[in-house]
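Chemist: The following block contains the structure, expressed as structure tokens.
The values are calculated or read from the model by the stated rules, or taken from the named source; none is laboratory data. Note that the structure is predicted; figures quoted are calculated from it, not measured. Cβ placement follows ideal geometry from the backbone for every residue including glycine, while neighbour counts extend to all protein chains displayed. Accessible surface areas use protein heavy atoms only, side chains included; no ligands, DNA or RNA. Shrake-Rupley method; radii C 1.70, N 1.55, O 1.52, S 1.80 Å.
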Amino acid sequence: MSEIEDYNQQKPGKTSKQHNILPIWGNEQTMNLNPLILANIQGSSYFKVHLFKLKTYHEVVDEIYYQVKHLEPWERGSRKTAGQTGMCGGVRGVGAGGIVSTAFCLLYKLYTLRLTRKQVNGLLQHTDSPYIRALGFMYIRYTQPPADLFDWYVDYLDDEEEVDPRAGGGGSTTIGALVRQMLIKLDWFSTLFPRIPVPIQKQIEQKLAEHNRQSNASKGANYRGGGIGNGNNSSASSAGNYNTGRTESDRREHDDRDRRDYGDAEKYSKDRPVRRDDRDRERERDRDRERDRDRDKDRRDRDRVRERHRDRSRSRDRRDRSRERPRHRSRSRDRRHR
């Protein structure tokens, strides 16, 4: 009985109803979403007809599991921004809209349910799909005070579960890298997250740097101690969620990326997307060369056509002049004979 009593004493008290309520930060009407994205969500038949039928948190989570394939605000190829400049260039989501993505429709649907703290934690720790977790992190980023973001995200900074946020694929990253990007970057594909005040942003960066130092120290101690295999449980537990199977070169590159002022999300991803970016740049160069060659070929063809037209016109002029000359001669001869 004493063991049971000790266990009950160690268990945290039941969360009070007051504590479970999650307050909303910012504009409660718009969820701090871009106005164009919000208008497209509220006007889409998917949101108005299909999602309207979903009334519970669990039904929406199931819909995320089956329908969400990326985390961009627009479906791939639905947004026409070519030829637009200035404020209509589409860089910040203010140009012509497109087909709003399933992910953002479901994100706003979650907002209409006014999730509790327990439900949001359920999203972050869900095991069925990384997209359920990612939408939970996005929900926090859009609705929670900037000062609380680091406390929400700190347990997931080194999470190694993979997720591909890019429409059409090709941008695979980890949950940890995704969370870091949300903390330090405003850009999210063709839209923006709510702005974080500069003093709070500096505090977040300092906390991130401290977390990285502690994580690196624990990883170094774990590797020096021989990892989990030699029974060193203290070093294994201090390593947290870090994957001890990574190679030395992977760890060194990961640490270098962390120290470079937390650059783009690509800097936190694995080597594969970096090589893919190199290939994409090489393809772009090849396309540019092909376009230049095509332009030169078209220019040469146009010059040949112009040259042919000039030759034809010159030959016509020569024939016309040759026809005119005999007539003049005959008239002059007639005059002499008279």
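Chemist: Given a 1.4 Å probe and every protein chain left where it sits, what share in percent of the accessible area of the stretch 110-169 is carbon and sulfur?
Modeler: On the way: 910 of 2120 Å².
So the carbon and sulfur contribution to the accessible surface is 43 percent.
Chemist: At a Förster distance of 22 Å, what's the computed FRET efficiency of residue 52 paired with residue 125, Cβ-Cβ distance as r, to 0.05?
Modeler: 0.20
Chemist: So how do 188, 152 rank on accessible area, 1.4 Å probe, biggest first, that is with the largest at the start? Walk me through the numbers before you get to the answer.
Modeler: Numbers: 188 0, 152 30 Å².
Correct descending sequence by accessible area is 152, 188.
Chemist: Can you sort 30, 127, 56, 174 by solvent-accessible area, 1.4 Å probe, largest first?
Modeler: Numbers: 30 35, 127 120, 56 65, 174 15 Å².
Result of the area sort, largest leading: 127, 56, 30, 174.
Chemist: Turning to a different aspect of this structure: Just subtract the alpha-carbon distance of residue 284 and residue 42 from 0.36 nm times their residue separation and send over the number in nm, one decimal. Before the final figure, lay out each step's value.
Modeler: Numbers: separation 242, 0.36 × 242 = 87.12 nm, distance 3.72 nm.
Residue separation times 0.36 nm, minus the Cα-Cα distance, leaves 83.4 nm.
Chemist: Now for a separate question. How large is the accessible surface per residue of the stretch 138-216, computed with a 1.4 Å probe and reported in Å² as a whole number? Don't jump to the answer; show the numbers that get you there.
Modeler: Values: 3010 Å² over 79 residues.
Per-residue value: 38 Å².
Chemist: I need the calculated FRET efficiency for the pair residue 297 and residue 30, taking r as the beta carbon distance and R₀ as 41 Å, to the nearest 0.05.
Modeler: Working: r = 52 Å, r/R0 = 1.26.
Here the calculated transfer efficiency is 0.20.
Chemist: Just want to confirm a number: the relative contact order over the stretch 108-218, from Cα pairs under 8 angstrom separated by 6+ residues, in percent.
Modeler: Numbers: 85 pairs, mean separation 20.1, N = 111.
Relative CO of the stretch 108-218 lands at 18 percent.
Chemist: What does the convex hull of the Cα atoms of the stretch 149-227 come to per residue, in Å³, rounded to a whole number? Numbers along the way, then the final one.
Modeler: Values: hull volume 7.9 nm³, N = 79.
Hull volume normalised by residue count: 100 Å³.
Chemist: Here is a follow-up. Note down the nm distance, to one decimal, between modelled labels 7 Å out along Cα→Cβ at residue 151 and at residue 189.
Modeler: So the label points at residue 151 and residue 189 sit 3.1 nm apart.
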